[in-house]
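Everything on this sheet refers to the single structure shown next.
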Amino acid sequence: MQISCNTKELNSALEKAVRFVSKKGYLPSITGILLEATDRLTIRATDLESYITITMDASIFEGGMFVVPKEFRDIVKSLKTDTVNLHTFEGTLTINNTLTVSEVTPPDEFPPPLKMNRDFAFDVSTHDFTSALKRVLPSVSTDDSRLMLTGVLVEMEGFDLTLISTDGFRLATHGVNGVCLSQSVQPLRLLYQD
């Protein structure tokens, strides 16, 4: 793999991706971030509970895949150049011909992207959805021992979207009009993404 891309854009993408990297190291493949160069640069991260895929423009001289450690974000953030050049060779990634990073795991061991459930879809204004979230987020539990309470239930029926949260003591619910098809519980950390 040999690519060149904007340092600020890569840093921004890595800032988002690193939130999805597993904090528990029981599987080496999910403790890193997958970089995949085809016609664009694709950045993927997962903790097997949630998954993010980010695509960005880059000059691709040679395609390929490489799994970098999450600390790669700190390296990119510290770069003083406008452009970052990445080149892989035998399990190492060279950054701007000076720094090298070892591969976390072979790219073929990285979990494949999640299949989107097209039955779970809704169309609602950003303002209405953000307003509803602000009303229910204070009641989400932060206690990981009660996992089902650490998210917001997004329930959809007909044209109504209802967000529900509880920490076991407080219950919050708020409805929004939109085009809706089903329900799911969304983890709290996904709802706080920018």
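The values are calculated or read from the model by the stated rules, or taken from the named source; none is laboratory data. It should be emphasised that the depicted structure is a prediction, and the values quoted were computed from it without experimental measurement. Here Cβ is always computed from backbone atoms with ideal geometry, including for glycine, and neighbour counts include all displayed protein chains. Remember, those area values only see protein heavy atoms, side chains included, never the ligands or the DNA or RNA. Shrake-Rupley method; radii C 1.70, N 1.55, O 1.52, S 1.80 Å.
A few comments on the model shown:
- Other residues with beta-carbon under 12 Å from the beta-carbon of F110 carry, at +1 per Lys or Arg and -1 per Asp or Glu, a net charge of -3.
- For the chain, with +1 on Lys and Arg beta carbons and -1 on Asp and Glu, the positive-most of L48, V154, F61 along the dipole: V154
- Cα gyration tensor shape of region 53-119, rounded if a/c is under 1.5, else prolate or oblate by comparing a/b with b/c: prolate
- Crossing angle, helix 7-17 versus the chain [Cα axis fit, 0-90 degrees, rounded to tens]: 50 degrees
- Rounded D (µm²/s) - region 1-157, Kirkwood Rh over Cα pairs, Stokes-Einstein at 4 °C, 1.567 mPa s: 74 µm²/s
- Per residue, the convex hull spanned by the Cα atoms of region 6-95 measures out at 89 cubic angstrom.
- Choice from V68, V176, V76 with maximal GNM fluctuation in the chain (Cα, 10 Å cutoff): V176
- Under the criterion of Cα pairs below 8 Å and six or more residues apart, the relative contact order for the chain equals 17 percent.
- Dipole magnitude of the chain about its Cα centre (Cβ charges: Lys, Arg +1; Asp, Glu -1), debye to nearest 20: 500 debye
- Each residue, L48 and K23, gets one label point 7 Å from its Cα in the Cβ direction; the gap between the two is 1.7 nm.
- Every helix of 4 or more DSSP H residues in the chain counts as -39500 (n - 2.57), and over all residues that averages to -4500 deg cm²/dmol at 222 nm.
- Difference of contour (0.36 nm per residue) and Cα-Cα distance, T142 to T81: 18.0 nm
- Unit charges at the beta carbon, dipole of the chain: most positive-side option, P106, L171, T38: L171
- Within the listed set T92, T142, T42, the Gaussian network model of the chain (springs between alpha-carbon atoms below 10 Å) gives the highest mean-square fluctuation for T142.
- Element breakdown for region 1-151 at a 1.4 angstrom probe: carbon and sulfur atoms account for 50% of the accessible area.
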